[in-house]
Every structure is written in C-alpha cells, then in structure tokens.
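Single-structure report; data block below.
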Amino acid sequence: MPTVSCPSCGRPLEADDAHRDWTVRCPHCATEFVPAAAEPGAFARGARPESGRPPNPDRDAWERAQALYLAHGPGTWLEVSGWLGGLLLVLTGALRAWLGAWQVNNGLGGPDEGEGNIAVGVLSGLLAVPYAAVMVVGGRKLRALTGRGWVTLASAAGIGSFLLSCCVCVCAFFPVGFGIWALVTLNNPVVRRQFDRDPDDVAP
C-alpha cells in the first residue's frame with residue numbers, strides 16, 4: 001500500500017488508492033488533508049523528517065490556538081490548586097500548631113501528642129510557600145506554553161499532593177487529578193510542538 005507524508009507532522013501514513021481523493025485526518029496530529037495532494041512518504045515508518053516541517057503560517061496559527069485551548073483548563077486548575085492548597089496548608093498548620101500548644105500548656109493528650117501537632121503545624125506552614133509557588137508558576141507556564149520544566153514540576157506536585165493528606169485531609173486529593181490532566185496535556189503532540197519552540201527549553 002502506498003504511503004504519503006502528513007503535511008503537518010511529516011509522519012508516513014498508508015493511503016489506500018480508493019481513498020486518495022478523500023479528506024482524511026492524521027491520527028498523530030489531527031491535521032486534515034487529501035492524500036492525492038500530499039507528497040509520497042520519503043522515510044521509514046515512525047521516523048521524523050530531518051529537515052523538519054515546511055513552514056505553513058495557517059497551520060502554525062491553528063496549532064497554537066488549539067494548544068492554548070487544550071492547556072487553558074489544566075493550567076488554570078493547577079494555579080487554583082496552588083493558591084487554595086497554599087492557603088489551606090497555612091490555615092491548617094496554624095490550627096494544628098495552636099492545638100498542640102494548647103494541649104502542652106494544659107497537659108492534655110500527653111506531651112508527645114501536643115508536640116506532634118506543633119511539628120505537623122510548622123511543617124505544613126513551611127510547605128505552603130514552595131508548594132503554592134510551584135503550582136501557580138507551573139499553571140501559568142502551561143497556559144503560556146512555555147517552561148516545560150516548571151509544568152512538569154507542577155504536575156508532579158499535583159500528583160504528589162495526596163502526601164499532604166495528613167495536613168489538609170481529603171482536600172489534598174483534588175490536585176492529583178489536575179496534575180495528571182496537566183501531564184497528559186503536556187504530552188499531547190500539538191501542545192508538545194509548541195513547547196519545542198520555546199527558546200527556554202533549547203539547550204545552549
């Protein structure tokens with residue numbers, strides 16, 4: 001069966017002779033094209049063209065708009081999770097520390113329990129700033145399609161939020177889904193190509 005190159009991502013695709021005049025959709029990048037008007041596949045299956053894709057302003061503008069649309073949701077929720085998560089960590093940390101101090105001063109629950117609450121409260125407060133900063137910056141970077149490292153770190157922080165359940169109870173599980181959503185979006189071919197164009201991700 002003859003092959004043609006997708007005009008967008010350059011991947012080789014099999015094209016049945018009976019469908020060469022049909023409008024088809026590339027399964028890799030979702031670009032629609034007519035196989036009869038596309039160039040024959042000039043490289044092995046799965047390989048990428050060495051010279052890259054030919055410039056196409058219309059396609060590039062569409063891809064950027066699509067990538068911005070895909071990244072808006074997870075980027076926004078990562079940032080919201082950062083702000084709310086940081087606030088909850090501070091509030092619950094202050095409450096646990098106050099409760100621990102009250103227990104120690106009144107001899108309730110034993111000294112170990114009171115000191116434990118104080119330690120958990122202090123730890124919660126210390127985690128609030130870096131956690132919120134990573135999530136907020138990562139979410140904004142994802143919406144701007146820049147800073148792959150920040151987005152990856154924020155996604156990991158979101159997924160690992162369940163570890164904070166000892167500080168903020170069940171609320172810590174909500175960012176897990178947003179972290180997974182952001183990571184899946186980051187690996188979407190259309191979104192990934194926008195990050196590949198980010199000069200901050202280019203090694204010196």
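The values are calculated or read from the model by the stated rules, or taken from the named source; none is laboratory data. The shown structure was predicted, so the numbers you read here are calculated from the model rather than taken from an experiment. Neighbour counts are summed over all protein chains in view; Cβ atoms, including those assigned to glycine, are modelled from backbone coordinates with ideal geometry. Keep in mind that these areas ignore ligands, DNA and RNA; they rest on the heavy atoms of the full protein, side chains included. Shrake-Rupley method; radii C 1.70, N 1.55, O 1.52, S 1.80 Å.
Among the listed residues 136, 120, which satisfies the condition of being hydrophobic (A, V, I, L, M, F, W, C) and either surrounded by fewer than 16 Cβ atoms within 10 Å (Cβ to Cβ) or over 27 Å from residue 65 (Cα atoms) (or both)? Steps first, answer last, please.
Details: 136 fails: either surrounded by fewer than 16 Cβ atoms within 10 Å (Cβ to Cβ) or over 27 Å from residue 65 (Cα atoms) (or both).
That would be 120, the only listed residue that is hydrophobic (A, V, I, L, M, F, W, C) and either surrounded by fewer than 16 Cβ atoms within 10 Å (Cβ to Cβ) or over 27 Å from residue 65 (Cα atoms) (or both).
In this structure, is residue 179 modelled with pLDDT of 90 or more and open to solvent by less than 20 Å² (accessible area, probe 1.4 Å)?
yes
Let's see how each residue does on (1) aromatic (Phe, Trp, Tyr); (2) in contact (Cβ under 8 Å) with a residue 12 or more places away in the chain; (3) assigned to a helix (DSSP H, G or I):
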| residue | (1), (2), (3) |
| --- | --- |
| 108 | no, no, no |
| 116 | no, yes, yes |
| 125 | no, yes, yes |
| 130 | no, no, yes |
| 135 | no, yes, yes |
| 141 | no, yes, yes |
| 146 | no, yes, no |
| 150 | yes, yes, yes |
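Report the residue count in region 8-33 for those that are within 21 Å of residue 194 (Cα to Cα), modelled with pLDDT of 80 or more and β-branched (Val, Ile, Thr).
0
Residues are listed down the side, and each one gets a yes or a no for (1) polar (S, T, N, Q); (2) within 30 Å of residue 190 (Cβ to Cβ); (3) in contact with a helix residue (DSSP H, G or I) (Cβ under 7 Å, 6 or more places away or on another chain):
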residue: 75; (1), (2), (3): no, yes, yes
residue: 87; (1), (2), (3): no, no, no
residue: 91; (1), (2), (3): no, no, no
residue: 99; (1), (2), (3): no, no, yes
residue: 124; (1), (2), (3): yes, no, yes
residue: 135; (1), (2), (3): no, yes, yes
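Out of everything in region 63-80 that is more than 13 Å from the chain's Cα centre (by Cα) and touching a residue at least 12 places away in the same chain (Cβ under 8 Å), what residue ends up being least open to solvent (accessible area, probe 1.4 Å)?
That would be 63.
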